[in-house]
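Accompanying notes for the structure given below.
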Protein chains: 2
Amino acid sequence: MFFVDVLETEGLGNRSYLAGGPGSAVVVDPPRDIDRVVAAAARRGVRITAVAETHVHNDYVTGGLELARLTGARYLVPAGAEVAYARVAVADGDVEPVDAGLELRAVATPGHTPHHTSYVLQEAGRAVAAFTGGSLLIGTVGRPDLVEPRLTEELARAQHASAHRLAGQLEDGVSVLPTHGFGSFCSSSASGGEHSTIGAERAANPALVQDVETFVRELLAGLDDAPAYYAHMAPVNTDGPAPLDLTEPRRADADDIARRLAAGEWVVDLRSRVAFAAGHVAGSLNFEVDGQLATYLAWMVPWGRPVTLLAHSADDLARAQRELARVGIDRPAAAAVGSPADWVADGDRPASFRR
Amino acid sequence: MFFVDVLETEGLGNRSYLAGGPGSAVVVDPPRDIDRVVAAAARRGVRITAVAETHVHNDYVTGGLELARLTGARYLVPAGAEVAYARVAVADGDVEPVDAGLELRAVATPGHTPHHTSYVLQEAGRAVAAFTGGSLLIGTVGRPDLVEPRLTEELARAQHASAHRLAGQLEDGVSVLPTHGFGSFCSSSASGGEHSTIGAERAANPALVQDVETFVRELLAGLDDAPAYYAHMAPVNTDGPAPLDLTEPRRADADDIARRLAAGEWVVDLRSRVAFAAGHVAGSLNFEVDGQLATYLAWMVPWGRPVTLLAHSADDLARAQRELARVGIDRPAAAAVGSPADWVADGDRPASFRR
């Protein structure tokens with residue numbers, strides 16, 4: 001018997017997967033905060049023997065390299081992706097053993113990126129699930145415009161062909177397990193649904209029901225802006241991300257906050273908009289920790305500008321720090337916990353907005 | 001209620017501990033291969049909120065820094081240890097909350113090192129266990145001669161005083177949970193027993209039953225050689241160890257093995273001595289993976305010399321690699337799996353010893 005555990009990264013609208021048998025498992029498209037992945041494997045009581053990337057990600061910093069280092073797992077990366085670190089270069093048709101009677105078969109599915117590769121989980125030689133990354137999503141496909149404008153139309157056509165390739169190889173009952181499409185901006189359009197199969201996609205996915213010209217025209221017409229920070233993710237992922245560092249940031253006092261604001265740094269208040277309106281440090285910006293913090297803050301901040309976080313609680317701060325590390329804002333420059341009265345100099349009053 | 005999980009590192013004769021309550025836990029003296037620690041916390045369903053070092057270790061590379069980075073835990077290091085990285089400097093009497101009603105209290109216990117600190121686990125203000133690191137061990141104490149010869153006698157006296165300090169503060173029922181002493185060369189003498197309490201040590205530990213002069217004289221007279229590699233551990237641990245990398249080494253073929261031997265590198269055969277005697281690559285050295293591989297190989301190898309591993313199986317290779325990483329042999333230069341026939345050039349025959 002096999003299992004597939006879904007690891008949600010809700011702030012980014014992505015999923016990673018832990019799939020395996022009684023003794024060992026593979027991880028597909030791990031997030032950067034790999035402590036969650038190691039914990040999931042421990043709860044299953046399995047060793048992680050392989051880590052597989054469907055593509056070099058444009059929307060987050062991968063944890064794959066560090067996870068492979070930490071666990072000794074084989075790190076499978078599509079051969080077409082030029083990366084700066086040692087990895088197992090995966091080609092179309094390659095088979096990776098996962099556990100007894102369980103294996104992963106690579107299927108080249110270009111479209112989201114030129115080298116994009118899906119992985120079919122096979123039990124006793126029979127396909128049971130397909131990890132489709134940014135290829136075939138639930139009701140849509142991964143967007144084809146994140147690599148290079150000159151390639152976009154060609155990649156859109158490739159998405160159509162790749163969807164047909166998967167549908168041609170796999171039976172209706174095979175689960176479709178994509179990485180993107182749960183709110184992710186890597187999805188070509190807002191998609192619906194939490195679970196799908198090849199059969200369901202065959203009946204309704206535009207890539208499988210429309211002819212290629214209609215599909216490409218509508219796909220390209222429907223693309224909206226992608227977050228600006230996406231441009232910085234592929235270089236990090238091809239160079240090899242630095243190890244995760246979630247230790248507490250330097251504590252900022254009122255003077256430090258004022259000095260950082262005066263220097264043009266970003267001071268980000270993570271509390272609710274209602275609390276922010278009632279009182280905040282003048283010049284600070286409000287990004288609620290409960291929203292898609294990572295996506296929107298990374299989108300807006302001038303890349304590389306120091307970010308100081310102000311949080312209601314240590315838990316909120318830790319959560320924000322984890323979310324930001326996932327998109328390459330590796331360390332807050334500083335942080336403070338409490339309320340605006342703690343963050344302004346003695347005698348100063350917090351700013352507020354009229355209700 | 002609290003729990004204490006013992007994490008054995010048998011090859012080094014050391015123990016680490018995961019201790020906590022229903023929601024969060026502290027790790028004391030983690031080994032370098034922290035995937036085991038994260039897994040233990042996951043099985044308990046707790047967050048690791050603190051990592052505590054009793055001292056800068058002389059016998060292994062700590063995983064504490066990486067574990068703290070990965071989990072966001074506070075990294076507690078005795079204030080007297082000068083380290084190159086950010087940490088929470090712990091002073092005598094400092095209290096670290098672990099979970100509701102559960103806390104860790106630092107007790108300065110110099111002797112094994114000048115800055116050595118024990119940690120007392122307190123439930124509702126009452127001491128229940130003492131993490132004694134290299135201070136009070138089961139039936140003995142941590143050796144005082146690993147820091148600097150000129151300090152050895154002074155540190156031996158300090159061990160006596162520290163043992164009395166712990167015994168003076170703690171009731172008989174308190175568990176004694178040392179890091180060293182389960183085969184470790186950091187122990188002053190071979191000790192016995194798997195479990196102990198302050199009461200048991202009060203009745204039998206030389207540091208608590210002998211006067212200081214007798215204790216120091218006998219302690220110093222009984223010290224044997226320490227592994228040569230110990231000299232390299234403290235610098236690594238004060239600089240901050242590199243992240244663990246357990247990915248597969250480069251594969252060595254027969255030509256590569258011959259070339260490395262000719263260049264004076266070490267080629268280490270991990271199989272049993274019986275198998276080695278029956279056939280091996282001439283010039284290779286035999287360190288059985290089932291022995292105290294890390295201690296003895298690290299002791300013997302000229303420090304920094306490339307090491308190539310020859311193993312019967314991929315599992316043996318992975319195990320050896322993990323053990324060697326724990327003592328700072330970060331990466332094998334190369335490795336091969338199989339039998340001597342695979343490791344010598346075509347036409348050559350393995351060497352053997354007469355039975």
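Read-outs throughout are calculated quantities, based only on the coordinates presented, and are distinct from any laboratory measurement. Note that the structure is predicted; figures quoted are calculated from it, not measured. Note that we place each Cβ from the backbone using ideal geometry, even for glycine, and neighbour counts take in every protein chain shown.
Mind checking the angle between helix B:152-169 and chain B's longest principal axis? C-alpha axes, 0 to 90 degrees, to the nearest 10.
Helix B:152-169 sits roughly 50 degrees off the main axis of chain B.
Taking A:Glu8 in one copy and the same position in all the others, each labelled 7 Å out along Cα→Cβ, what are the pairwise distances from the first, in nm, shortest first?
The answer, with the shortest distance listed first, is 4.0 nm.
Summing Lys, Arg as +1 and Asp, Glu as -1, what charge do residues with Cβ under 11 Å from the Cβ of A:Glu288 carry, A:Glu288 excluded?
Values: positive: A:Arg271, A:Arg273; negative: A:Asp269, A:Asp290, A:Asp316.
In short, -1.
What ³J(HN,Hα) values, in whole Hz, does the Karplus curve 6.51 cos²θ - 1.76 cosθ + 1.60 give for the range A:70-84 when θ = phi - 60°, with x put for Gly and Pro?
In residue order, the calculated couplings are 6, 9, x, 5, 6, 9, 8, 10, x, 4, x, 8, 8, 10, 8 Hz.
Provide the net charge surrounding A:Ile198, with neighbours chosen by a C-beta distance below 10 Å and charges set as Lys +1, Arg +1, Asp -1, Glu -1. List each step's numbers first, then the result.
Details: positive: A:Arg202; negative: A:Glu171, A:Asp172, A:Glu201.
Counting the neighbours of A:Ile198, the net charge comes to -2.
How charged is the neighbourhood of B:His112? Take every other residue with its Cβ under 11 Å from the Cβ of B:His112, and add Lys/Arg as +1 and Asp/Glu as -1.
Details: positive: B:Arg143; negative: B:Asp59, B:Asp145.
Cβ neighbours under 11 Å give a net charge of -1.
Report the Cα-based extents of the range B:201-355 along its three principal axes, largest first, to the nearest Å.
68, 43, 27
In square nanometres, what is the average projected area of the Cα convex hull of the range A:254-343?
Numbers: hull surface 20.1 nm².
So the mean shadow area of the Cα hull is 5.0 nm².
Hey, how many Å between the Cα centroid of the range B:266-345 and the Cα centroid of the range B:172-204?
So the separation of the two Cα centres works out to 33 Å.
Taking just the C-alpha trace of the range A:44-188, give me its Rg and Dmax in Å.
14.7, 47
Could you work out, residue by residue across B:63-70, how many beta carbons of other chains sit within 10 Å of that residue's beta carbon, and then give the average as an integer? Numbers along the way, then the final one.
Details: counts 1, 0, 2, 5, 1, 4, 7, 12.
Mean partner shielding for this stretch: 4.
How do A:143-150, A:30-37 rank on mean C-beta neighbours within 10 Å, highest first?
Working: A:143-150: 17.9, A:30-37: 25.9.
Listed from highest to lowest mean packing, they are A:30-37, A:143-150.
Where is the GNM fluctuation largest for chain B (alpha-carbon springs, 10 angstrom cutoff): B:Glu194, B:Glu248, B:Glu171?
B:Glu194
Take the alpha carbon gyration tensor of chain B, find the square roots of its eigenvalues, order them as a ≥ b ≥ c, and report rounded if a/c is under 1.5; if not, report prolate when a/b exceeds b/c, else oblate.
Numbers: a/c = 2.30, a/b = 1.71, b/c = 1.35.
Taking the square roots of the gyration eigenvalues as a ≥ b ≥ c, chain B is prolate.
For A:Arg305, go 7 angstrom from Cα along the Cα-to-Cβ vector, then report the distances to that same point in the other copies in nm, smallest first.
With the label placed 7 Å along Cα→Cβ, A:Arg305 yields 5.6 nm.
Give me a comma-separated list of calculated 3J(HN,Hα) values for the range B:30-42, in order, Karplus coefficients 6.51, -1.76, 1.60 applied at θ = phi - 60°, integers in Hz, x for any Gly or Pro.
Calculated HN-Hα couplings, in order: x, x, 5, 7, 7, 4, 5, 6, 4, 5, 4, 5, 5 Hz.
Only helical DSSP H runs with n ≥ 4 go in: add -39500 (n - 2.57) per run for the protein assembly as shown, normalise by residue count and round the 222 nm mean residue ellipticity to 500 deg cm²/dmol.
-8500 deg cm²/dmol
List the GluC sites (Glu not before Pro) in the range B:42-143 that DSSP assigns to loop (not H, G, I, E or B) and whose Cβ has at most 13 other Cβ atoms within 10 Å. Which are they? Please list the in-between numbers first.
Details: sites: B:Glu53, B:Glu66, B:Glu82, B:Glu103, B:Glu123; in loops: B:Glu53, B:Glu82.
Answer in residue order: B:Glu82.
Taking only Cα atoms, what is the 0 to 90° angle, nearest 10, from helix B:314-326's long axis to the longest principal axis of chain B?
It is inclined by approximately 50 degrees.
Show me, for the range A:297-307, the HN-Hα J-couplings you get by feeding each phi into the Karplus relation (A = 6.51, B = -1.76, C = 1.60, θ = phi - 60°), rounded to Hz, glycine and proline as x.
Running phi through 6.51 cos²θ - 1.76 cosθ + 1.60 with θ = phi - 60° gives 5, 5, 5, 8, 6, x, 4, x, 5, x, 10 Hz.
Which Cα, out of B:Leu246, B:Ala277, B:Ala335, lies furthest along the positive dipole direction of the range B:245-355 (beta carbon charges, K/R +1, D/E -1)?
Result: B:Ala277, furthest along the dipole toward the positive end.
So the label point sits 7 Å from Cα along the Cα-to-Cβ vector; using that for A:Gly125, what distances do you get to the other copies, in nanometres, sorted shortest first?
So the distances to the same position in the other copies read 7.1 nm.
Please state the shape class of the protein assembly as shown: rounded when a/c is under 1.5, otherwise prolate if a/b exceeds b/c and oblate if not, all from the C-alpha gyration tensor. Kindly include the intermediate steps, with their values, before the conclusion.
Working: a/c = 2.32, a/b = 1.28, b/c = 1.82.
In terms of gyration-tensor shape, oblate.
So how tilted is helix B:212-222 from the main axis of chain B? Cα-based, degrees 0 to 90, rounded to 10.
The answer is roughly 0 degrees.
In whole angstrom, note down how far apart the Cα centers of the range B:52-88 and the range B:107-131 are.
First find each Cα centre; the distance between them is then 16 Å.
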